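See below for the structure under consideration.
The values are calculated or read from the model by the stated rules, or taken from the named source; none is laboratory data. From a predicted model like this one, the values you see are computed outputs, not experimental measurements. Using ideal geometry, Cβ is built from the backbone for each residue, glycine included, and neighbour counts are taken over all protein chains shown. For the accessible areas, the whole protein counts, side chains as well, though only heavy atoms, and no ligand, DNA or RNA atoms are used. Shrake-Rupley method; radii C 1.70, N 1.55, O 1.52, S 1.80 Å.
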Amino acid sequence: MQSEKFFYDNKTVKLFAYATILWGVVGMIVGLLAAVQIYLPAANFGLPITTFGRVRPLHTNAVIFAFVGNGIFMGVYYSLQRLCKARMFNDTLSKIHFWGWQLIIVAAAITLLAGYTTGKEYAELEWPIDIAITLIWVLFGINMFGTILKRRESHLYVAIWFYIATWVTVAMLHIVNSFEIPVTFLKSYSWYAGVQDALVQWWYGHNAVAFFLTTPYLGIMYYFLPKAANRPVYSYRLSIIHFWALIFIYIWAGPHHLLYTALPDWAQSLGVVFSVMLIAPSWGGMLNGLFTLRGAWDKVREDPILKFMVVAITCYGMATFEGPLLSLKNVNAISHFTDWTIAHVHVGALGWNGFLTFGILYWIIPKIFNTPLYSTKLATTHFWIGTIGIVLYAIPMYWAGFTQAMMWKQFTEDGTLKFQFLETVTHIIPLYVARSIGGLLYLVGVFIMVYNIVKTVKAGQLISEEAAEAPPLPAKIVTHGKQYWHRWIEARPIQMLVFSLIAVAIGGILEIVPTFLIKSNVPTIAAVKPYTPLELHGRDIYIREGCYTCHSQMIRPFRDEVARYGEYSKAGEFVYDHPFQWGSKRTGPDLARIGGKYPDSWHYNHMLEPQSMSPGSVMPSYPWLLDDVIDTATTAARIRAMQTLGVPYPEGYDQIANQELTKQAEQIQKNLKADKIQTGTHKEIVALIAYMQRVGIDIKGEQKPLTAKK
C-alpha cells in the first residue's frame, strides 16, 4: 500500500510548552507567597487581593489547571499525532483550544483575586468561567477524537486509552459539580447543600486529582518514558489491567475526604474500601513504568530526563500508597485537617506532576527545535536542586502534621485539654519556614530550566511542520494468528469512550443518588432555620475572603474535638448551606460552634487586628471590611436564588429582605456602640459578625421565625 505524506503540527505543541513554563513559574511564585503568609501575616500586605484566602485558591488553580493543564495538552498534542500517524484533526480548533484555555486562566486569576469564588475546593471558578471551560473542553475532545478517527494506525496504544478516559471523566465531573444557580454575573450558589454538596464536591475534588493530575500523566508516561529510555513498555497486559481497574475503582474513593464527618457511614465505608483497593492498579502503573527501564539503568546515571522521570514515577508510587493509607479511619483520625495532607498532596504535585513535566519539556523542546539541549549539566543541577526542594518541603510538613495531631489530642491528668489551639500553630512555625525554603529551592530549579530552554530555543529553529508519511488505515483490518479480547476495544475509539464513561459513572451514581433520594441519610433538625438576609450576606463575605481555607466547620465525634469546640456536627445542621463549608485544613480553629461564644466587639476587633484578640496569631487583618458597604441591591436576588434551591423563605420575603437586614444590623450596631465601637449599619463587618454569631447556634435552641410579606 502506498504511503501518504503529511505534516505534524509542532507549533501548537510549542505554544502549550511555553504556556506550561510560564504558568508553572507564576503558580509556584504564588505558592511560595502563600507558604510565607502562613507564618508571616505581613506578607498579606493588608490588601484584599493579596490575602491568603484569595492567594491560596489562585495557587491551586494555577498549578493544577494552568501548569499541569497546559502540560497535559503539550504531551497529548505531541504524542497523539505520532501514535495516530495523523496531523491534529483541525488547526483552527487547536488555536481556539490554546487561546481559549489561556483566556480562562487569566479570567480565573482576575476573578479569584477579586474575591469571586464558589467556595468549593478546586472548583472555585464562577459560572461564566465554568461554561467557558465546558466549551473549550468539548472543542479539545472534538479535535482529539477527530484525530483518532482519521488515524493511519489501526491499534490504539495504551496512552490514548488514558487520554480518552481523562476527557470523558473530567467532562462528567466538571458538569455535575458545577450545577449552580446564578445570582449575579459573577455570583452563584451551589445547586447542592450541606451533606450532598460535600459528597459531590469531594467526588469531584478527589477525581480531579485522579483524572486531571493522574490519568493523563500516566498516558503521557506510557509514551515519553519508553521514548526517552529507548525501551518498549515492560508489560502491555499489565497496562490493560492497570487502566480498566484504575478508572473503575478511582471514582468511588472521594468519600475518604469526609471520614468522621456528617456524611452517612455507608458512604464513608465505600470510600475506604475502594481507596484501599486502589493500591493495586496504582502500583501496577508505577511498576510498569519502572520495569520499562530494565536494561537502561546505566542511562539513568547520565541522562537528566530519565532522572526526572524515575523520581516522578517513584513519587507517584509513594503518593498512591499513602493515599489509601490516609483513607483508613484510624489513620485519617490523625491526619485529617493537619499538614500531613499538605505533605501528601505535594509529594504528588511536585514529584509526579512537576518532575514528569520537566522531563518531557527537556525531551520535547530539543526535538521540535531540531537542536540538542543547551546544557545537560544545568538540567542535572535542576534535578538535584528540585529533589532537595521536595525533601525540604515534605519532611517539615509531615512533622508539622504529626505534631498538630498529637498536640490537639493531648489532655492533662485532670481531663482538660493540654494545649490551646494557638499554641499548636505557633509551635510549628519553624517547620513552615523550612517548608517555604524547600519551595524556594524548587522554584530556583525551575528558573534554571527556563534559562536552559531559552538557550536551547535560541540555538535551534522550530520545525513547525514536521514531515511524516504512513500508509492509510485499511477499510477492513485483516488480523493473523490468535486474537485477544481486548484487541476489539483497542481498535474502536467510540466504544472505548462509551465503556470508559460507563466504568466511571457507576461509582458516582451508586454513591451520590442514594444520598439525595433516601431522606434518612440527612435527618432534619426542626430548630435549623434559613439564614437571615444579613447572615446570608455575611456568609457570602466569609466565602469571598476564603476563610474556609484555614477554618473548618465540622466537629468530628472525638473527645478532644468535642472538648475544644463543642457538640459534634449533625447532618441536619447544613441543609441550607449552599455551598457547604466543612473545610479541609485547620490552620485556625474550627468555627462550627463559634456563634454566641464571643461578643460582637470581639469579632470586630479580631478582623481589624487579630493579634489584639489572640496574641501570636498568624491570621491577617481585614480592615476593608470596616469600610466596604454590603451590596443590598442584590439581597432580593440572593433570597430568590435560595428559594429556587428549596430554602423555605416565605413567599414575597425577597421584597422585605432589606428591611429585615437593616433591623438586625441596627442591633449589632448598638451592641458595638455599647463597647465604644462606631460603625455604619450596612458595613460588611456587620454582616460578617451576624454570620459568625449564627454559626452553630441552631441546635442549641429555636429561633424567631422569619417575617412573611404583609
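Pairs from the list LYS307/LYS455; LYS597/LYS676; LYS11/LYS95; LYS120/LYS519 with a Cα-Cα gap above 18 Å: LYS307/LYS455; LYS597/LYS676; LYS120/LYS519. Working note: Karplus 6.51/-1.76/1.60 with θ = phi - 60° gives the stretch 333-344 the couplings 4, 8, 7, 5, 6, 10, 6, 4, 4, 5, 4, 4 Hz, where Gly and Pro are set to x.
For the stretch 568-710, what class follows from the C-alpha gyration tensor (a ≥ b ≥ c being the square roots of its eigenvalues): rounded when a/c is under 1.5, otherwise prolate if a/b is larger than b/c, else oblate? Oblate shape, in that a/c is at least 1.5 and b/c is the bigger or equal ratio. The Cα center of the stretch 51-100 and the Cα center of the stretch 167-211 differ in position by 21 Å. Taking amide H as placed 1.01 Å from N in the peptide plane, PHE411 has its amide H under 5 Å from the amide H of LYS418, each at least 5 places away in sequence or on another chain. The Cα trace of the stretch 444-589 gives Rg and Dmax of 28.2, 74 Å, the first to one decimal, the second as a whole number. Backbone geometry of the stretch 680-693 corresponds, through the Karplus equation with coefficients 6.51, -1.76 and 1.60 at θ = phi - 60°, to 3J(HN,Hα) couplings of x, 5, 9, 6, 4, 4, 5, 5, 5, 4, 4, 5, 4, 6 Hz, x marking Gly and Pro.
Summing Lys and Arg as +1 and Asp and Glu as -1 over all other residues whose Cβ lies under 9 Å from the Cβ of ASP197 gives a net charge of 0. Averaging over all projection directions, the Cα-based convex hull of the stretch 91-229 occupies 9.9 nm² in the image plane. When all alpha-carbon pairs of the stretch 4-99 are counted, what percent fall beyond 23 Å? In whole percent, the long-distance tail amounts to 41. Net charge in the neighbourhood of LEU645 (other residues with Cβ under 12 Å of its Cβ; Lys, Arg +1, Asp, Glu -1) is -1. Of the three principal axes defined by the Cα atoms of the stretch 297-423, the extents in descending order read 72, 26, 25 Å. The string of couplings for the stretch 352-357 from the Karplus curve (6.51, -1.76, 1.60, θ = phi - 60°) is 5, 6, x, 5, 5, 4 Hz, one whole number per residue in order, with x for Gly and Pro.
Taking the empirical scaling 2.2 N^0.38 Å for compact globular proteins as reference, the stretch 517-630 has a Cα radius of gyration ratio of 1.16. Calculated [222 nm] ellipticity per residue, helices only, for the chain: -20000 deg cm²/dmol; basis is -39500 (n - 2.57) per DSSP H run with n ≥ 4, divided by all residues, nearest 500.
Once Rh for the stretch 353-405 is found with the Kirkwood sum over Cα pairs, what is the Stokes-Einstein diffusion coefficient at 20 °C and 1.002 mPa s, in µm²/s? The diffusion coefficient I find is 163 µm²/s. Solvent-accessible surface of the chain, averaged per residue with a 1.4 angstrom probe and all protein chains in place: 39 square angstrom. In the stretch 246-335, the ratio of gyration radius to Kirkwood radius, Rg to Rh, stands at 1.14 when only Cα atoms are counted.
Relative intensity of the chain on a log10 scale, I(q)/I(0) at q = 0.10 Å⁻¹, equals -0.98, per a Debye sum over C-alpha point scatterers of equal strength in the absence of solvent.
Of the trypsin sites (Lys or Arg not before Pro) found in the stretch 222-305, the ones in coil according to DSSP and having at most 11 other Cβ atoms within 10 Å of their Cβ are ARG294. Between beta-carbons, use under 11 Å as the cut-off and find the net charge around HIS682, counting Lys and Arg +1, Asp and Glu -1. After counting each charged neighbour, the total is -3. Element breakdown for the chain at a 1.4 angstrom probe: carbon and sulfur atoms account for 65% of the accessible area.
In the stretch 331-376, inverting the average of 1/r over every pair of distinct C-alpha atoms gives 13.0 Å as the Kirkwood radius.
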